[in-house]
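See below for the structure under consideration.
The values are calculated or read from the model by the stated rules, or taken from the named source; none is laboratory data. Everything numeric in this text was worked out from a predicted model, so none of it was measured. Backbone-built Cβ (ideal geometry, glycine too); neighbour counts: all protein chains shown. Please note that ligands, DNA and RNA were not included when accessible areas were found on the heavy atoms of the full protein model with its side chains. Shrake-Rupley method; radii C 1.70, N 1.55, O 1.52, S 1.80 Å.
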Amino acid sequence: ITIANPATTGVVTFGTAETNATYFVQTTVTDWVGTPPDTAFRTRVSGKLTTGFTIHLEATPGAGNTVTVDWVLVR
């Protein structure tokens, strides 16, 4: 998922719902455009549901910048 400009969150929606929300999510920043601050590379996950979850950056990437976060769902 790519988070851009003033946003600090990105919502992941599953194509097929999970059976429950007790999964674990591992996130890794894999790419960026521009010069986001170092704090924009720190991530956390919230709102785990059977239909998806939200990825948060600690700080906004800033105007004209993006941060791309890859994620893996683990059962």
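With every protein chain present, what is the per residue accessible area of the chain (1.4 Å probe, Å²)?
Per-residue accessible area for the chain comes out at 58 Å².
Ignoring ligands, DNA and RNA, what percent of the 1.4 Å accessible area of the chain is carbon and sulfur?
Carbon-and-sulfur percentage of accessible area, whole number: 55.
Rounded to the nearest 20 debye, what is the charge dipole size of the chain about its Cα centre when +1 sits on each Lys and Arg Cβ and -1 on each Asp and Glu Cβ?
200 debye
Relative contact order, percent, of the chain when contacts are C-alpha pairs under 8 Å separated by at least 6 residues?
49 percent
Which is the longest stretch in the chain that no exposed loop site breaks, taking sites as chymotrypsin sites (Phe, Trp or Tyr not before Pro) with a DSSP loop state and at most 15 other Cβ atoms within 10 Å?
24-75
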